[in-house]
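Since the structure comes first, as structure tokens, the remarks are kept for the end.
The values are calculated or read from the model by the stated rules, or taken from the named source; none is laboratory data. Here the structure is a predicted model, which is why all the values come from computation and not from measurement. Positions of Cβ are backbone-derived with ideal geometry, glycine not excepted, and every protein chain shown enters the neighbour counts.
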Ligand SMILES: NC(=O)c1ccc[n+]([C@@H]2O[C@H](COP(=O)([O-])OP(=O)(O)OC[C@H]3O[C@@H](n4cnc5c(N)ncnc54)[C@H](O)[C@@H]3O)[C@@H](O)[C@H]2O)c1
Ligand SMILES: *[C@@H]1O[C@H](CO)[C@@H](O)[C@H](O)[C@H]1NC(C)=O
């Protein structure tokens, strides 16, 4: 295409997309009907994984639940049975183990069928200063929080591509967008998760596979227990999110095919400021907002003060 024509087309389409985005502010896109979908969730045995499973079950989707914790996972399935009368398929799987992922994925394909919505949600956190973090935990964080996503895509994406239909959801973190003092290995793993999901979305688009959608979720702390003890200095601007709220936001975003989901909304501002402000000023503001002390009193799972 000639230069002038191509530029003109881009200008025109930019205008169209800007208008579309503006209209979307007032009329959000319709939520898609997921009643025919097969939803696979990793880390479905607790926290927001469990809540998302219940929400998708309420919407009539068929659920495939994966967790390394068999008891928690079974409990989620029985909650689904009790509240929605639906059967959920449970599989005990360590999704950081590639061979196990492939083996159980084949079992799912035989016993349930092709997955149309894949939610990479399983995650762990070390919560120590980097130099004090055991090597094994650092490796594990990378394996569970990001590398596992590679194998999950390898296992379930081919069927989505063949049908040109599906949805890939990455439960990353705001720690996948901004570095945090005391969360170095976690941040590294979540940055990787964001980069992977974003790149794969582009790879799919570039190959014309526009029916396979991507949603990348970057929440601040959620009150599930995983980050117990972590604190926020200004809860008005940076609230610790309630799990039910986070879950509702995520499921809505998936149904509206929203690509990026940051919460609370102040994360959008934080990202802009990080890239816009002089570095020293960014650090100053971060410190003022309490970002240096998020992890000072971290306890995490199992060591609850209550
Ligand atoms: N809680 C927060 O503050 C917060 C904030 C931002 C993002 N996130 C992310 O949200 C996701 C869910 O977190 P949550 O708060 O519900 O935590 P959670 O600890 O309640 O749930 C995580 C689940 O993942 C499972 N899991 C851990 N390792 C696994 C493995 N190797 N294979 C399979 N399953 C495994 C656990 O058994 C658990 O059921 C995580 O990816 C987390 O990083 C959490
Ligand atoms: C969703 O689709 C199913 C089957 O196609 C249909 O039975 C159901 O009524 C739809 N639900 C809504 C809310 O439109």
Condition met for residue 65 (in a helix (DSSP H, G or I), surrounded by 10 or more Cβ atoms within 10 Å (Cβ to Cβ), more than 16 Å from ligand 2 (Cβ to nearest atom) and at pLDDT 95 or above): no
Among residues of region 275-303, those that are buried (at least 16 other Cβ atoms within 10 Å of the Cβ) and assigned to a helix (DSSP H, G or I), counted: 2
Condition met for residue 178 (more than 16 Å from ligand 2 (Cβ to nearest atom), in contact (Cβ under 8 Å) with a residue 60 or more places away in the chain and within 29 Å of residue 275 (Cα to Cα)): yes
Residue match in region 102-118 (condition: modelled with pLDDT of 95 or more, within 24 Å of residue 301 (Cα to Cα), within 12 Å of ligand 1 (Cβ to nearest atom) and buried (at least 18 other Cβ atoms within 10 Å of the Cβ)): no
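Among the listed residues 77, 53, 122, 88, which satisfies the condition of being within 16 Å of ligand 1 (Cβ to nearest atom), free of Cβ contacts under 8 Å to residues at least 24 places away in the same chain, under 29 Å from residue 221 (Cα atoms) and surrounded by 15 or more Cβ atoms within 10 Å (Cβ to Cβ)? Quick ask: steps written out before the conclusion?
Values: 53 fails: free of Cβ contacts under 8 Å to residues at least 24 places away in the same chain; 122 fails: free of Cβ contacts under 8 Å to residues at least 24 places away in the same chain; 88 fails: free of Cβ contacts under 8 Å to residues at least 24 places away in the same chain.
So the residue among 77, 53, 122, 88 that is within 16 Å of ligand 1 (Cβ to nearest atom), free of Cβ contacts under 8 Å to residues at least 24 places away in the same chain, under 29 Å from residue 221 (Cα atoms) and surrounded by 15 or more Cβ atoms within 10 Å (Cβ to Cβ) is 77.
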Sole exception among (1) more than 13 Å from the chain's Cα centre (by Cα); (2) modelled with pLDDT of 95 or more; (3) within 15 Å of ligand 1 (Cβ to nearest atom) for residue 168, by number: (1)
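Based on this model, can you work out whether residue 267 counts as touching a residue at least 24 places away in the same chain (Cβ under 8 Å) and over 18 Å from residue 49 (Cα atoms)?
Details: touching a residue at least 24 places away in the same chain (Cβ under 8 Å): yes; over 18 Å from residue 49 (Cα atoms): yes.
Yes; evaluated as a whole, the condition is true for this residue.
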All positions within region 26-59 that are modelled with pLDDT under 95 and touching a strand residue (DSSP E or B) at 6+ places or on another chain (Cβ under 9 Å): 36
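Being part of a helix (DSSP H, G or I) and in contact with a strand residue (DSSP E or B) (Cβ under 8 Å, 6 or more places away or on another chain) narrows it down to one of 77, 21, so name that one. Step through it out loud before you land on a result.
Details: 21 fails: in contact with a strand residue (DSSP E or B) (Cβ under 8 Å, 6 or more places away or on another chain).
The match here is 77.
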Criterion (closer than 30 Å to residue 146 by Cβ, in a helix (DSSP H, G or I) and away from ligand 2 (no atom under 16 Å from the Cβ)) met by exactly one of 41, 11, 54: 54
Count - residues of region 80-96 that are in a loop (DSSP other than H, G, I, E, B) and touching a helix residue (DSSP H, G or I) at 6+ places or on another chain (Cβ under 8 Å): 6
